[in-house]
1. Under the definition of Cα pairs under 8 Å and six or more residues apart, what whole-number percent is the relative contact order of segment 31-135?
2. Return the sequence-ordered ³J(HN,Hα) values of segment 204-209 in whole Hz as given by the Karplus equation 6.51 cos²θ - 1.76 cosθ + 1.60 applied to θ = phi - 60°, using x for Gly and Pro.
3. Counting only DSSP beta bridges with both residues in the chain, what percent are antiparallel, rounded to the nearest 5?
4. What residues of segment 173-207 lie in the reach of a label at Ala147, counting those whose backbone N is under 15 Å from a point 7 Å from the Cα along Cα→Cβ?
5. If I stretch the segment between Ser59 and Asp121 completely, what's the gain in nm (0.36 nm per residue apart, minus their alpha carbon distance), one decimal?
6. Applying 1/(1 + (r/R0)^6) with R0 = 35 Å to the Cβ-Cβ distance of Gln299 and Asp177, what FRET efficiency is obtained, to the nearest 0.05?
7. How many percent of the accessible area of the chain is carbon or sulfur, using a 1.4 Å probe?
8. Once you put a point 7 Å from the Cα of Lys260 and another 7 Å from the Cα of Phe30, both along the Cβ direction, what distance in nm separates them?
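The values are calculated or read from the model by the stated rules, or taken from the named source; none is laboratory data. Note that this is a predicted model, so its numbers are computed, not measured. Note that we place each Cβ from the backbone using ideal geometry, even for glycine, and neighbour counts take in every protein chain shown. In case anyone asks, the SASA skips ligands and DNA or RNA and just uses the protein heavy atoms, side chains included. Shrake-Rupley method; radii C 1.70, N 1.55, O 1.52, S 1.80 Å.
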Amino acid sequence: MRKTITSLSSALLIFIASLSFTSIAKSAEFFTIGTGGPTGVYFQTGNAICKMLHKSAISAEHGRKKGTAKAYRCTAPSTGGSNYNIGQIKAGEFQFGVAQSDWQYHAVNGSSKWEGKKFGDLRAVFSVHNEPFQIWARKKAKIKDFAGLKGKVVNIGNPGSGQRGTMEELMKAMGVDNSFFKSTTELTSSEQVKALCDGKIDAFGYSVGFPNGAMEQAATCAAKASPINLTGSEVQGLISGADYYAKAVIPKGTYTNQKKDATTFGVKATVVTSASVSEELVYLVTKAVMENFDDFKKQHPAFGFLEKKNMIKDGLSAPLHPGAIKYYKEAGLM
Ligand code: GLU
């Protein structure tokens, strides 16, 4: 008899255990945040967001009754960058993405590269770090300004990246096309530094947060590269013609041997989503970042200057998602 009871109760335990496994599997929802190249700041940004969300989920589990909330699991793979991410969100493949403020603007308004492909359902969540647009040139190429790029080998970035798009906007403002250079390459952000260090290219254009490990590598490898100034009336015209651009400076000493400030224009990195992503998910993602803010800021040195009150407005041209608004109102930020 005792034997029967024991085996009965272990069978019951196995049954209950398998039931709760099924319910976890059923209630967990997986979602994706599109980032950028593995050596950039977007990759760190997406993964920091996932980390904050998973951290919040663990602490919430102690306080809530089992089974009352859905579990979300997040991944933030490396991607081709801003425009690729927005395209994947539009296609419903990604739920979030990191994107430059200029490409957020163009996608939601159907301008520039997004002409005829307007994504009216694009929604903003918050902005993150500043991304000065930088042209890094190897020392021996003796490039001092944009004009100095004439006849040089220049990486303009992979299609789909924000850097490629912004480089093209800059070229338009300067009144040049690819024939201005000796040749152009379409290397990704993680390939371009090695190419510069190996002397295969003379310069590359990149919009990225700072300080950044890959740029330090460009400054210290055989190329002894540094960022050039991008100033003058054409650049001033870009800045005064659009809210998504601003003057930007990479202060001297940010990188090894960088003796002078690099003055340029820049954009903001922003986190975007779609109107079709649930209010609950956007609320939880927003809350996880904002309520673990000190920890979030420690995830990358480029986050050092972040302030919540600026993050909910700067660089955002798409409407805020209702899930983000719900959190900002609840937290008294709006
Ligand atoms: N701003 C770059 C882009 O949109 C990515 C920068 C990064 O990966 O940190 O392509």
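1. 29 percent
2. 3J(HN,Hα) across segment 204-209, in whole Hz: 9, x, 8, 9, 7, x.
3. Bridges in the chain that DSSP calls antiparallel: roughly 70 percent.
4. 174-176
5. The Ser59-Asp121 span can extend by a further 19.1 nm.
6. Calculated value: 0.35.
7. Working: 8840 of 15960 Å².
Carbon plus sulfur share of accessible area: 55 percent.
8. Label at Lys260, label at Phe30, 5.1 nm between them.
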